[in-house]
Each structure stands twice: as structure tokens, then as C-alpha cells.
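These notes concern the structure reproduced below.
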Amino acid sequence: MADILGYARVSTEGQNLDRQIDALMVAGVSRKHLYCEKMTGTKADRPELNRLINDLETGDTVIIADLTRISRSTKDLLEIVDKIKNKGAYIKCDEP
């Protein structure tokens, strides 16, 4: 059965993930399917994002609260979307 997974990121330890987590849970992501990290988006190696992509199965959907939370640039976003698509999964942004 397909799962709904959520990804949230803030750039520094001092920032709070609560707003993103709340939005992801409203969108149907369960706590056990939340992938969260506190690190700058300029780093190419984001362990939780990598873990999320590795955990994806065909038919799963990745939900993000804001496009800027998952990617460093348009090129990076397209590469991440390709990785998700290649796993047979989908991505959805729940920006207001």
C-alpha cells in the first residue's frame, strides 16, 4: 500500500520545524513518515532527504510544505524530483 511521506527542513538549529510539521500532518503525513532535519539547504548531503528517497516505494507520495525546504536551486529541485519519479513515487507541495 502506498504511503504519504513528509519532508521538513530548517537551515539552523535555532529555527523551529513546527509550522512545517503541522502542515505536513494536516496534509495526511503520519509522525512515523516524517523526515526532518536542521541543516542548511546549501549542503548537497542531507541525510534525512537521502533516507526519505531511499525509503520510497512505488506509488508513495512525498509531501513538502514549501519548495524551498527540499531544494537548493531549481536544478537541485529537478534532480530531486527525478530521483523521486525514478522510484515510481510522486511529490506534492502544499504551499498556501
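The values are calculated or read from the model by the stated rules, or taken from the named source; none is laboratory data. Since we're looking at a predicted model, the values are computed, not measured. A quick note on method: Cβ atoms are made from the backbone with ideal geometry, for glycine too, and the neighbour counts reach across all protein chains shown.
Some observations on this one:
- When Glu37 is tested against the conditions (1) in contact with a strand residue (DSSP E or B) (Cβ under 6 Å, 6 or more places away or on another chain); (2) at pLDDT 95 or above, the lone failure is (2).
- One residue stands out in region 60-75 among those that are basic (Lys, Arg) and closer than 15 Å to Thr40 by Cβ: the one that is modelled with the highest pLDDT, namely Arg69.
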